[in-house]
Amino acid sequence: MPVVGTSVVRKEGWAKVTGSARYVDDLSFPGVLHGRTVRTSIACGTLDAIRYDFDPEGYTVVTAGDIPGRNVISLIVDDQPCLVDRVIGHAAEPVVLLAHADREALSAAVVHLECTATPPVLEPAASRHAFKSVAIERGDLAQGWRDADIVVEGQYRAGHQEQLYIEPNGMIAVPEDRGVTIYGSLQCPYYVHQALCALLGLPPGRVRVVQAETGGGFGGKEEYPSIIAGHAALLALKSGRPVKLVYDRREDMLATTKRHPAVVRHRTGVTLDGRLVAMDIDVLLDGGAYTTLSPVVLSRGVIHATGPYRCPNVRIGGRVVRTNTPPNGAFRGFGAPQTLFAAEVHMDRIAEALGMDPAHVREINALRPGDTTATGQVLGNDCAALDVLREAVRRTRFSERRRELAGTTRGIGLSLFFHGAGFTGAGEVRLASRATLETTARGVRIRVANTEIGQGARTVLAQVVADAMDMDYSDVDVHEADTHHVPDSGPTVASRTCMIVGRLLERCAATMRERLGELSPADHYAKHGRMEVTEEYERPPGLHWDDDAYQGDAYGCFGYGCDVVEVELDPVTYEVRPVHLTAVVEIGKVLHPTLATGQIEGGSAQALGYALIEDVVMRDGRMANAELTNYLIPTTQDVPPMDVVMLERPYASGPQGAKGLGELPMDGPAPAVVNAIRHLGLDLREIPATPERVMEASCGSL
């Protein structure tokens, strides 16, 4: 019987529920040392001297001068040092690494950093350094303004957000074979591998990266693990002993990347019958002190900035700039939650200006099959913006409920959104991902670099292979993500693992079945030994992208969603509490209903935190509330009942029609919440919608 579409037992489920799964801090090696990072306290300036106020006996000390390769964290642009040598770009930047066998002695070591502070740039609008700028144009904007009956303008703000995975960052470096092996909590083994080769000056064969069981990522373990792996490796190579470097929660929150803050401005021309005829959008993102993945975050942000709407005349300008704050980086949604928040709050303001129902304005303008996006992408039959909108409106009785709640302390809001699955533009072509399937004595084994970080990757990939091979799910094994044994199938990001790598494995299975003939994998293994099949990514037919003009097919496909959120306002404390959320999503094919529901519920809960309570307070370029006592996230007491509905509009190039899912649920709840607050008569245009901001909006409405 087919296993795709059923909720089979998770591959790693038994190990996790019994406690036998081994995370980084569970691992130990003979003679292991513990590592520590000494960091800057100023946001901008120069390092003048380092003074050590402890007995050096038993300690390993590493500074920039000890780096055998290049003092960079290799990624898109090599502008971020592994350790500060002279110039300080942000607070909490690493300068000195220490290791010792005794944790108490390690903590007691005093290191003084003598620095000269210079004025920092903390506001992105004041920055003169852009990491990337993007311009997208379609149609004739001047004609669009002439066709418009009214013009609606607005500015919208979204703050930082901390990933706050259950398990903080951690790495163990083991010197061996004239090189180093890294065991770590990470999403992208080959990112770490590339960075270590550059930092250590070692050939690829002498660097090995192995993913340990990982307690969540959300993008926070995409690029940042290259830094902590580099630090652990430098200490290990200098000491000649294994080094374990695990952050506590405070250090993790102070030093690691966060979601990019955004300021988005909209100017929209619309006709009296509700048609969008002109869109002028400006996006400004705060990248922090170094480039990291900011150019790609900006790309996705601007491509999603229009929302899932048809408009003949569009101009989108975007830039991500440098400030003297800790670098921002990957976070679930990757720029789209910020720009979709602005687009959807703006759509409610357009509806208000027209005196129309918010759902009706969206229905008039929602993308249909055959429509063209701002980048010139013609949407296929799997375009489901109208489908999810109509189902959400029907299930919630949205328009009737708005009338019922009028004049009460409850409001209801809606958001319509889409999310491109896979890397933007030609990204998947450049990656040239490879996946391998091999026979075993029992069945087959999957060998890919994509990681299990709680989302169920091992399980759904095994489901895809089991069906493609017409064999039992239990006979499909998944090799650990180990760069010595698995090909580079690309990073575990961008809602791509299931869609891109699952499709590669389907092709592997088809090739293997041809070669097996009448034999089962186990029988073939017993008779002939191991058979291995590797397939490489091929761009689906008909897709074209011009990276210079930002025109063409930005993604192989989009997933679609519509959220309806009902909230209640406390008139005394100004606290806004969500009381119900309906999420209707379209993801091509539901491979594992329970895991998919969990992704939607979890992503929606994370997005409710983004909308209401997750307020990163920056003071002098440093996070001032880097503890769980004052950086709040939703608990089970804060998350409302959720009604989750999944529609299927198969995508021809996904495994059994599947699209990506992981990021889509992050896009919708924040604007739906703010639109529900607008239904209460409060003009709020910034998240998180803390009680203080809601009170200010209330005073402004008097």
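Do you know which residues across the stretch 35-75 are farther than 23 Å from Leu199 by Cβ and crowded, with 20+ Cβ neighbours inside 10 Å?
Ile42, Ala43, Cys44
Just the residues that are outside any loop (DSSP other than H, G, I, E, B) and among the charged types (D, E, K, R), please, taken from the stretch 677-699.
Of everything in the stretch 677-699, those that are outside any loop (DSSP other than H, G, I, E, B) and among the charged types (D, E, K, R) turn out to be Arg678, Glu686, Glu692, Arg693, Glu696.
Given Thr451, Thr459, Thr408, which one is within 30 Å of Asp547 (Cα to Cα) and either hydroxyl-bearing (Ser, Thr, Tyr) or assigned to a helix (DSSP H, G or I) (or both)?
Thr451
So if I check each of Glu93, Glu57, which one is closer than 27 Å to Glu167 by Cβ, assigned by TED's automatic domain parsing to the domain that holds Lys244 and among the acidic types (Asp, Glu)?
The unique qualifying residue is Glu93.
Being basic (Lys, Arg) and crowded, with 20+ Cβ neighbours inside 10 Å is the filter here, so list the residues in the stretch 431-475 that pass it.
Within the stretch 431-475, Arg434, Arg445, Arg447, Arg458 qualify.
Can you tell me which residue in the stretch 343-372 is farthest from the chain's Cα centre (by Cα), limited to those that are in a loop (DSSP other than H, G, I, E, B) and more than 13 Å from Leu276 (Cα to Cα)?
Among those that are in a loop (DSSP other than H, G, I, E, B) and more than 13 Å from Leu276 (Cα to Cα), it is Gly355.
Could you tell me whether any residue of the stretch 307-327 is in contact (Cβ under 8 Å) with a residue 60 or more places away in the chain, among the β-branched types (Val, Ile, Thr), touching a strand residue (DSSP E or B) at 6+ places or on another chain (Cβ under 6 Å) and closer than 30 Å to Ala359 by Cβ?
yes
Which one of the conditions (1) closer than 23 Å to Thr408 by Cα; (2) hydrophobic (A, V, I, L, M, F, W, C); (3) in contact (Cβ under 8 Å) with a residue 60 or more places away in the chain; (4) surrounded by fewer than 22 Cβ atoms within 10 Å (Cβ to Cβ) does Leu680 fail to meet, given that it meets all the rest?
(4)
Go through the residues of the stretch 600-620 one by one and say whether even a single one is outside the structural domain of Ile453 (by TED's automatic domain parsing), surrounded by 16 or more Cβ atoms within 10 Å (Cβ to Cβ) and basic (Lys, Arg).
Within the stretch 600-620, none of the residues are outside the structural domain of Ile453 (by TED's automatic domain parsing), surrounded by 16 or more Cβ atoms within 10 Å (Cβ to Cβ) and basic (Lys, Arg).
Search the stretch 432-454 for residues that are closer than 16 Å to His528 by Cα and pair each with any residue that is among the basic types (Lys, Arg) and surrounded by fewer than 20 Cβ atoms within 10 Å (Cβ to Cβ) when their beta-carbon atoms are under 8 Å apart and the residues are at least 6 apart or on different chains.
That search, which allows pairs on different chains as well, returns Glu438/Arg530; Thr439/Arg530; Thr440/Arg530.
Looking only at the stretch 81-112, which residues are assigned to a strand (DSSP E or B) and surrounded by fewer than 19 Cβ atoms within 10 Å (Cβ to Cβ)?
Val87, Val111, His112 - these are the residues of the stretch 81-112 that are assigned to a strand (DSSP E or B) and surrounded by fewer than 19 Cβ atoms within 10 Å (Cβ to Cβ).
Collect the residues in the stretch 531-552 that are in contact with a strand residue (DSSP E or B) (Cβ under 8 Å, 6 or more places away or on another chain) and in a loop (DSSP other than H, G, I, E, B), keeping them in residue-number order.
Met531, Tyr537, Leu543, His544, Tyr550
What single numbered condition from (1) out of contact with any strand residue (DSSP E or B) (no Cβ under 8 Å at 6 or more places or on another chain); (2) crowded, with 17+ Cβ neighbours inside 10 Å fails to hold for Glu363?
Unmet for Glu363, out of (1) out of contact with any strand residue (DSSP E or B) (no Cβ under 8 Å at 6 or more places or on another chain); (2) crowded, with 17+ Cβ neighbours inside 10 Å: (2).
Could you pull out the residue among Leu141, Leu83 that is among the aliphatic types (A, V, I, L, M), at pLDDT 95 or above, within 19 Å of Tyr247 (Cα to Cα) and touching an Asp or Glu at 6+ places or on another chain (Cβ under 9 Å)?
Leu83
Does the stretch 228-285 hold any residues that are surrounded by fewer than 21 Cβ atoms within 10 Å (Cβ to Cβ), in a strand (DSSP E or B) and basic (Lys, Arg), and which are they?
Scanning the stretch 228-285 gives Arg265, Arg267.
Being surrounded by 14 or more Cβ atoms within 10 Å (Cβ to Cβ) and on the phi > 0 side of the Ramachandran plot is the filter; apply it to the stretch 522-567 and report the residue that is farthest from the chain's Cα centre (by Cα).
Gly552
Could you list all residues from the stretch 646-676 that are assigned to a loop (DSSP other than H, G, I, E, B), crowded, with 24+ Cβ neighbours inside 10 Å and among the hydrophobic types (A, V, I, L, M, F, W, C)?
Ala658, Leu661
Name every residue in the stretch 586-626 that is aliphatic (A, V, I, L, M) and either under 26 Å from His90 (Cα atoms) or in contact with a Phe, Trp or Tyr (Cβ under 7 Å, 6 or more places away or on another chain) (or both), in order of residue number.
Listed by number, the residues that qualify are Ile613, Val616, Val617, Met618, Met623, Ala624, Ala626.
Consider Leu591 carefully, then state whether it is closer than 30 Å to Val464 by Cβ and in a loop (DSSP other than H, G, I, E, B).
The answer is yes for Leu591.
Could you tell me which residue of the stretch 493-507 is nearest to Glu223 (Cα to Cα), considering only residues that are part of a helix (DSSP H, G or I) and of a type in the set (D, E, K, R)?
Ranking the qualifying residues of the stretch 493-507, first place goes to Arg503.
Select from the stretch 14-31 the residues that are of a type in the set (Asp, Glu) and more than 27 Å from the chain's Cα centre (by Cα) and list them in ascending order.
Those that are of a type in the set (Asp, Glu) and more than 27 Å from the chain's Cα centre (by Cα): none in the stretch 14-31.
Out of the residues in the stretch 306-333 that are assigned to a strand (DSSP E or B) and not basic (Lys, Arg), state the one that is farthest from the chain's Cα centre (by Cα).
Val314
Considering (1) more than 30 Å from Gly425 (Cα to Cα); (2) surrounded by fewer than 16 Cβ atoms within 10 Å (Cβ to Cβ), say which one Asp78 fails and leave the rest.
Answer for Asp78: the failing condition is (1).
Sort out which residues of the stretch 630-645 are of a type in the set (Asp, Glu) and part of a strand (DSSP E or B), and write them in order of number.
Matches in the stretch 630-645: Asp643 only.
The values are calculated or read from the model by the stated rules, or taken from the named source; none is laboratory data. Since the model is a prediction, treat every value here as computed from it, not as a measurement. Positions of Cβ are backbone-derived with ideal geometry, glycine not excepted, and every protein chain shown enters the neighbour counts.
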